[in-house]
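Peer 1: Just dropping this structure here.
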Amino acid sequence: MVASRGTKTDGDVGRPIDVLDTPCLTVDLDLTERNVARMADVAAAHNVDLRPHVKTHKTPALAHLQLAAGAVGITVAKLGEAEVFADAGCDDVLVAYQIVGRGKIARLLRLSEVATVRSCVDGLEAAAALSDMSRASGATFQVLLDVDTGLKRTGCSPADAIRLGSRSDDLPGVSVVGVFSYAGYRPADPDAAVRRAWALQEAETAADVARHLHLR
């Protein structure tokens, strides 16, 4: 797979790298397909759903490879990415941040009319704004509760999560359907035991909040 700025590149696919004009993007498709299959196999072996974050490649064609291999949907970093990937046929999208502002909420709700779209909330003010606009449109929008498990960048604290989740779920037009967490660079330690401890702590914290909110 080859892409080059400002030019049509279908004829470049499969050509030797040393004859390609620069700048260009090259992808080792065999390696990519092996990586996609490997991750899908790991998820299947542990009986978990896989929802890859596509901000790492920003390429609908690669997202479709992941979906074809068994991913249940995709995760995006912002609303614009959600719109691009939904337009490309990715019809189950999680926006991994809360959406604020009437203009962006309106876009989010319009997008939810043509695809399964969810976003996150980590504060009651954002949940209330989403509730107001969802209720006005006659829809109920599904959200995940963003819980801070150690990165201290986004998300409510675990101590506040249960109260926030219950209050958000009581708002008309909003339904809390899950818990979301991202520990970011925190687990990136060369020691496998440290990484494992971080992963367990993150998973157990999120699962505990979900249990208290009676989520499955």
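The values are calculated or read from the model by the stated rules, or taken from the named source; none is laboratory data. These numbers were taken from a predicted model, which means no experiment stands behind them. No Cβ is skipped: glycine too gets one built from the backbone with ideal geometry, and neighbour counts run over all protein chains shown. Side chains included, ligands, DNA and RNA excluded: accessible areas come from the protein's heavy atoms. Shrake-Rupley method; radii C 1.70, N 1.55, O 1.52, S 1.80 Å.
Peer 1: Roughly what would the spin-label model give for residue 192 and residue 92, points 7 Å off Cα along C-beta, in nm?
Peer 2: The modelled label-to-label distance comes out at 3.1 nm.
Peer 1: Using +1 at the Cβ of each Lys and Arg and -1 at the Cβ of each Asp and Glu in the range 45-201, identify which of 187, 176, 64 lies farthest towards the dipole's positive end.
Peer 2: 187
Peer 1: Now, a different point. Sort largest first and round to whole Å: the equivalent ellipsoid semi-axes of the chain, each the square root of five times a Cα gyration tensor eigenvalue.
Peer 2: Here the semi-axes work out to 34, 24, 15 Å.
Peer 1: For the chain, set up a Gaussian network in which alpha carbons nearer than 10 Å are linked by springs, and say which option among 44, 193, 139 fluctuates the most.
Peer 2: Answer for the Gaussian network model of the chain: 193.
Peer 1: Roughly what angle does helix 102-111 make with the longest principal axis of the chain, taking Cα atoms, 0 to 90 degrees, to the nearest 10?
Peer 2: 70 degrees
Peer 1: Antiparallel as a % of all DSSP beta bridges within the chain, to the nearest 5?
Peer 2: Rounded to the nearest five, the antiparallel share is 15 percent.
Peer 1: Then there is this: By accessible area of protein heavy atoms, probe 1.4 Å, what ranking do 57, 212, 64, 46 get, highest first? Don't skip to the answer; put the middle values down first.
Peer 2: Numbers: 57 45, 212 100, 64 70, 46 130 Å².
Greatest to least solvent exposure: 46, 212, 64, 57.
Peer 1: So, one more: Just to be sure I understand: with springs between alpha-carbon atoms less than 10 Å apart, which residue in 34, 118, 102 has the highest mean-square fluctuation in the Gaussian network model of the chain?
Peer 2: Residue with maximal mean-square fluctuation among 34, 118, 102: 34.
Peer 1: Something else now. Tell me the accessible surface of residue 55 in square angstrom (1.4 angstrom probe, heavy atoms of protein chains only), to the nearest ten.
Peer 2: The accessible area comes out at roughly 80 Å².
Peer 1: Can you tell me the 0 to 90 degree angle between the C-alpha axis of helix 124-137 and the longest principal axis of the chain, rounded to 10?
Peer 2: 80 degrees
Peer 1: How big is the dipole moment of the range 134-216 about its Cα centre under a simple scheme where the beta carbon of each Lys and Arg is +1, that of each Asp and Glu is -1, and everything else is neutral? Debye, nearest 20, please.
Peer 2: 120 debye
Peer 1: Students sometimes get this wrong: rank 195, 211 by accessible area, probe 1.4 Å, all chains present, largest first.
Peer 2: The residues order as 211, 195, largest area first.
Peer 1: Right, something else. Semi-axes of the range 1-127's equivalent ellipsoid from the Cα gyration tensor, sqrt of 5 times each eigenvalue, largest first, rounded to whole Å?
Peer 2: Working: eigenvalues 189, 83, 25 Å².
For the range 1-127, the semi-axes come out at 31, 20, 11 Å.
Peer 1: Further, regarding this structure: Per residue, what accessible area does the range 95-158 have, given a 1.4 Å probe and all protein chains present, in Å²? Please list the in-between numbers first.
Peer 2: Details: 3000 Å² over 64 residues.
Per residue, the range 95-158 has 47 Å² of solvent-accessible surface.
Peer 1: Moving to a separate point now. Contact order normalised by length for the chain, with contacts defined as Cα pairs under 8 Å and 6 or more residues apart; what percent is it?
Peer 2: After rounding, I find 12 percent.
Peer 1: Ok, one more. Can you send over the carbon and sulfur percentage of the accessible area for the range 17-165, probe radius 1.4 Å, protein chains only?
Peer 2: 52 percent
Peer 1: In terms of solvent-accessible area of protein heavy atoms at a 1.4 angstrom probe, what is the ranking of 85, 180, highest value first?
Peer 2: Ranking 85, 180 by accessible area, largest first, yields 180, 85.
Peer 1: Say we join alpha carbon atoms closer than 10 Å with springs in a Gaussian network model of the chain; which of 74, 17, 105 then has the biggest fluctuation?
Peer 2: 17
Peer 1: Here is a further query. Using a cut-off of 20 Å between alpha-carbon atoms, which aspartates and glutamates can reach residue 55, once sequence neighbours fewer than 8 places away in the same chain are excluded?
Peer 2: Cross-link targets: 28, 33, 81, 83, 87, 91, 92, 146.
Peer 1: If you line up the long axis of helix 192-212 against the longest principal axis of the chain, both from Cα atoms, how many degrees apart are they, to the nearest 10?
Peer 2: It is inclined by approximately 40 degrees.
Peer 1: Once ligands and nucleic acids are excluded and a 1.4 Å probe is used, how much of residue 202 is accessible, expressed in Å² to the nearest 10?
Peer 2: Taking all protein chains as shown, residue 202 has close to 40 Å².
Peer 1: Pull up all non-local amide H partners of residue 119: gap of 5 or more, or a different chain, and H-to-H distance under 5 Å with H placed in the peptide plane.
Peer 2: Here the answer is 95, 144, since their amide H atoms fall under 5 Å of that of residue 119.
Peer 1: Residue by residue through the range 59-66, what is 3J(HN,Hα) from phi via Karplus (6.51 cos²θ - 1.76 cosθ + 1.60, θ = phi - 60°)? Round to whole Hz and write x for glycine and proline.
Peer 2: 10, x, 4, 6, 4, 5, 4, 5
Peer 1: Oh, and also: Taking a ≥ b ≥ c as the square roots of the Cα gyration tensor eigenvalues, with a/c under 1.5 meaning rounded and otherwise prolate when a/b beats b/c, else oblate, which class fits the range 149-216?
Peer 2: Values: a/c = 3.11, a/b = 2.29, b/c = 1.36.
Prolate.
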